[in-house]
Structures are given as C-alpha cells and as structure tokens.
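Every number in this text was worked out from the coordinates using simple rules, so none of it is lab data. Because the structure is a prediction, the values reported are computed rather than measured. Cβ atoms come from the backbone with ideal geometry, glycine included; neighbour counts cover every protein chain shown.
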Amino acid sequence: MSEAQNFKNHVRWDPAWHFFIAPMLMLNIVFATYKLVHDWHLENNHHVVFGWLIVISIVLFLAIMKSRMYALKVQDRIIRLEERLRLVALLPADDLARSHALTEDQLIGLRFASDGELPALAARALKENLTRTQIKEAIVNWRADNFRV
C-alpha cells in the first residue's frame with residue numbers, strides 16, 4: 001500500500017509527461033537548433049527544414065503546455081467550488097461571511113485540511129494572509145486528494 005499523502009509527498013507527477021514527452025520535446029528543440037547553427041556554413045544545409053522544425057517543435061510544446069494549463073485551471077475552479085461548499089457546511093454564519101474574502105490560492109491550499117481543522121485554518125489564513133504553501137504546511141490532519149489531474 002502506498003504511503004499516506006502529506007505535504008512532502010502530495011505533488012503529483014505524470015511520468016509520461018514529466019519524464020518522457022516534455023524532455024523529448026525540449027531535446028528536439030535543442031537538436032534542431034544545434035543542427036541549424038552547426039551546419040549553417042554547409043552548402044547543402046537545409047536551413048529552412050531545421051528552422052521550420054524549431055518553429056513546429058516550439059509550437060507543439062506550447063500547445064501541449066496550454067492544454068495542460070487549461071485542465072489545471074478547470075481543476076482549480078472545481079476545488080474552489082468544493083471548498084466553498086465545505087465552508088458552508090462547516091462554518092458558523094458569521095465566519096462564513098468572512099470566508100468570502102479567501103483567495104482562490106488559499107482555498108486550493110485549504111482543500112487538504114481535515115473538516116475538524118478547516119474552520120480554524122481558514123480564519124488563520126484570512127487573519128495572517130497565508131499563502132497556499134503556508135496553509136499546506138500548517139495542516140496537521142492531512143486530507144488526501146488523489147483525484148488531481
């Protein structure tokens with residue numbers, strides 16, 4: 001069985017993306033740039049081909065990064081909604097009114113807090129203007145999130 005999720009191990013790595021696709025795309029850009037520069041002086045050099053390969057490699061890398069960022073933004077919006085619903089269920093009315101001042105970043109950090117410590121941690125996040133990382137570091141009873149993109 002895998003280790004319980006906590007602040008030190010909660011980052012999610014996608015091996016296909018992080019360790020193969022992204023490095024290969026970057027390697028392709030480096031290789032095409034090297035070939036273009038290194039073979040520039042040759043008569044039969046295919047400047048246009050290697051130049052175009054660089055452009056297409058960069059476009060492909062940026063397109064994939066953009067699609068990943070869209071998915072992460074949607075995930076952040078869903079987390080924000082889920083945390084607002086948790087706050088409605090867990091906070092008294094006066095604290096709930098103040099909780100609307102929590103930023104998206106703070107709400108995303110609070111998603112790992114257990115129901116028992118969420119009210120106090122939300123109040124502390126507002127009072128001390130804690131960042132996402134500071135909130136996650138302050139969590140004692142970690143609530144795992146295993147469904148992240």
The stretch 104-110 - phi-based ³J(HN,Hα) in whole Hz, Karplus 6.51/-1.76/1.60, Gly and Pro as x: 4, 4, 5, 4, 5, x, 6
Dipole-positive endmost among Ile139, His46, Ser99 within the chain (Cβ charges, Cα centre): Ser99
Crossing angle, helix 118-128 versus the chain [Cα axis fit, 0-90 degrees, rounded to tens]: 70
Partners for Lys66 among lysines (Cα-Cα distance below 28 Å; same-chain residues under 8 apart left out): Lys8, Lys35, Lys136
Angle in degrees between helix 47-90 and the longest Cα principal axis of the chain, rounded to the nearest 10: 10
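At 222 nm, what helix-only mean residue ellipticity would the chain give, in deg cm²/dmol to the nearest 500, using -39500 (n - 2.57) for each DSSP H run of four or more?
-20500 deg cm²/dmol
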Burial order of peptide ranges 112-123, 135-146, 31-42 (average beta-carbon count within 10 Å, highest first): 112-123, 135-146, 31-42
Reported label for calculated Cα extents along the principal axes in Å given (1) 44, 41, 27; (2) 41, 35, 27; (3) 77, 36, 23: (3)
Acute angle (nearest 10 degrees) that the helix 22-38 long axis makes with the longest principal axis of the chain, alpha-carbon atoms: 30
Gained length - Tyr34 relative to Glu128, 0.36 nm times residue gap less alpha-carbon distance: 28.8 nm
Rule-of-thumb Rg ratio for the stretch 13-75 [Cα; 2.2 N^0.38 Å; N residues]: 1.40
